[in-house]
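Asker: Before we start, here is the structure in question, set down as C-alpha cells.
Throughout, read-outs are computed from the coordinates displayed, never taken from laboratory work. What you are looking at is a predicted structure, and each value in this text was computed from that prediction instead of being measured. With ideal geometry, Cβ positions are generated from the backbone for all residues, glycine too; neighbour counts draw on all protein chains shown.
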Amino acid sequence: MPVVVVAVLPVKPESADSAREILTKAVAAVHDEPGCELYALHETDGKFIFVEQWADGDALKAHSSTPTMAAMFSDIGPHLDGAPEIIMATPVPAGDPAKGRLVR
C-alpha cells in the first residue's frame, strides 16, 4: 500500500534562497531511490513543502535513513524557523480513480 507524506519546513525569511538551494539539491537523488513514486517540492509563504508518495512503508523507512536525507537535514537546520511537520498518510480511494489519488 502506498504511503503519502507531506513535509512542511518553515524557514527564516532571510534563508529562503539558501533553503531552496539545499532542498532542490536533494530532489534528484531521492528520485532515484527504490520505491520513490513522487517527491515534489513546493514553496509558499516562508515554507517549503514536500509532497511524497512511497511504494510502501519499507521504502519510506529506507528513504529516511539515506545519506541524502542526513545531509539535507544537517544543512537545512540553521535555516529552519521552527520544527518541520511531517504527516504520513495512506490513500483513501474515492471518486474518479484517475483523480482521487496521487499516482495511478
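Asker: So what is the 222 nm mean residue ellipticity for the chain from helices alone, if each DSSP H run of at least 4 adds -39500 (n - 2.57) and you divide by all residues, rounding to the nearest 500 deg cm²/dmol?
Answerer: Values: 3 runs with 34 residues, N = 104.
It lands at -10000 deg cm²/dmol.
Asker: When the Cα centres of the stretch 1-24 and the stretch 26-60 are compared, how far apart do they sit, in Å?
Answerer: Spelled out, the Cα-based centre of one part sits 10 Å from the other.
Asker: Along Cα→Cβ, 7 Å out, is where each label goes; now give me the distance between the ones at D58 and L38 in nm to one decimal.
Answerer: 2.3 nm
Asker: Right, next: So what's the angle, to the nearest 10 degrees on a 0 to 90 scale, between helix 67-76 and the longest Cα principal axis of the chain?
Answerer: Relative to the chain, helix 67-76 is tipped by roughly 50 degrees.
Asker: Taking the Cβ-Cβ separation of E14 and T66 as r and a Förster radius of 35 Å, what is the calculated FRET efficiency to the nearest 0.05?
Answerer: Values: r = 29 Å, r/R0 = 0.82.
So, using R0 = 35 Å, E works out to roughly 0.75.
Asker: With everything on Cα atoms, drop me the angle between helix 16-31 and the longest principal axis of the chain, reported from 0 to 90° to the nearest 10.
Answerer: Compared with the principal axis, the helix lies near 40 degrees.
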